[in-house]
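K.L.:
Below you'll find the structure I mean.
The values are calculated or read from the model by the stated rules, or taken from the named source; none is laboratory data. The model shown is predicted, which means the values in this text are computed figures rather than measured ones. Methodologically, a virtual Cβ is constructed for each residue, glycine included, from the backbone with ideal geometry; neighbour enumeration extends over all protein chains shown.
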C-alpha cells in the first residue's frame, strides 16, 4: 500500500509533456504540431505562434541540410531532416524567349514574390493551417510540383515552389481551405 501511494503521488506532482507532429521530416515538408495551448514553441530559435487549441506549423526548406531543433517550454527535441529527391526536367531546343522571358515577365515575378513574402510574414490567430488541403479542381492534370526544377537549353532555372494544375477553361475551382474563394 505504501509503495502504491508513493507512485500515485509522484504521478500527480510530475508535470506531463505532450507534443505530436503530422508530416514527414524531409526537405520541403509542411509540419503540423500540437501541444498544450499555453506552451511556447521555438523552431531553430524562432518563436512560432501556438493557437488557442495548441496547434502550430512550420515548413522545412527545399534544400535544408541541418536537423530541426524544436524547443517547447524548455524541452529540446531534435528531428533529423532527410534529403528529398526532386524531379529535374531537361528541355533542349527551345526558343530564347522561352528560356529567358522579356523584362516585363521578370517584373511581374518580382511583384508576385513580394506579395508572397508579405503573406508569409502575417502572424495571425487563424488556424486554417490545421485543416487538410484538397485538390481544388476535379479531373485536373498536375503540371508542376513543389521543388521540381527545369533545365532549359542547359540553363538551370529556379526550383518550383508551388503545385500547378491544368484543367478545362470554365472548370469550377473549389476552396483549398475553408475560407478562401477564387473565381476565374
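K.L.:
Given the residues 61, 52, 16, which is the only one that is modelled with pLDDT of 90 or more, more than 16 Å from the chain's Cα centre (by Cα) and in a loop (DSSP other than H, G, I, E, B)?
P.N.:
After applying the criteria, what remains is 52.
K.L.:
Just to verify a result, which residue in region 71-96, among those that are within 14 Å of residue 40 (Cβ to Cβ) and in contact (Cβ under 8 Å) with a residue 40 or more places away in the chain, is surrounded by the most Cβ atoms within 10 Å (Cβ to Cβ)?
P.N.:
By that ranking, first place goes to 72.
K.L.:
Shifting gears a bit: Of the residues 127, 99, which single one is in contact (Cβ under 8 Å) with a residue 40 or more places away in the chain and within 27 Å of residue 54 (Cα to Cα)?
P.N.:
None of the others qualify; the one that does is 127.
K.L.:
Based on this model, can you work out whether residue 101 counts as surrounded by 11 or more Cβ atoms within 10 Å (Cβ to Cβ), in contact with a helix residue (DSSP H, G or I) (Cβ under 9 Å, 6 or more places away or on another chain) and not assigned by TED's automatic domain parsing to the domain that holds residue 44?
P.N.:
For residue 101, the condition - surrounded by 11 or more Cβ atoms within 10 Å (Cβ to Cβ), in contact with a helix residue (DSSP H, G or I) (Cβ under 9 Å, 6 or more places away or on another chain) and not assigned by TED's automatic domain parsing to the domain that holds residue 44 - is met.
K.L.:
Which residues, taken from region 135-165, are in contact (Cβ under 8 Å) with a residue 40 or more places away in the chain, over 19 Å from residue 61 (Cα atoms) and over 18 Å from the mean Cα position of the chain (by Cα)?
P.N.:
151, 152, 153, 154, 155
K.L.:
Would you check which residues across region 85-100 are at pLDDT 85 or above and over 19 Å from residue 62 (Cα atoms) and list them?
P.N.:
Of everything in region 85-100, those that are at pLDDT 85 or above and over 19 Å from residue 62 (Cα atoms) turn out to be 90, 91, 92, 93, 94, 95, 96, 99, 100.
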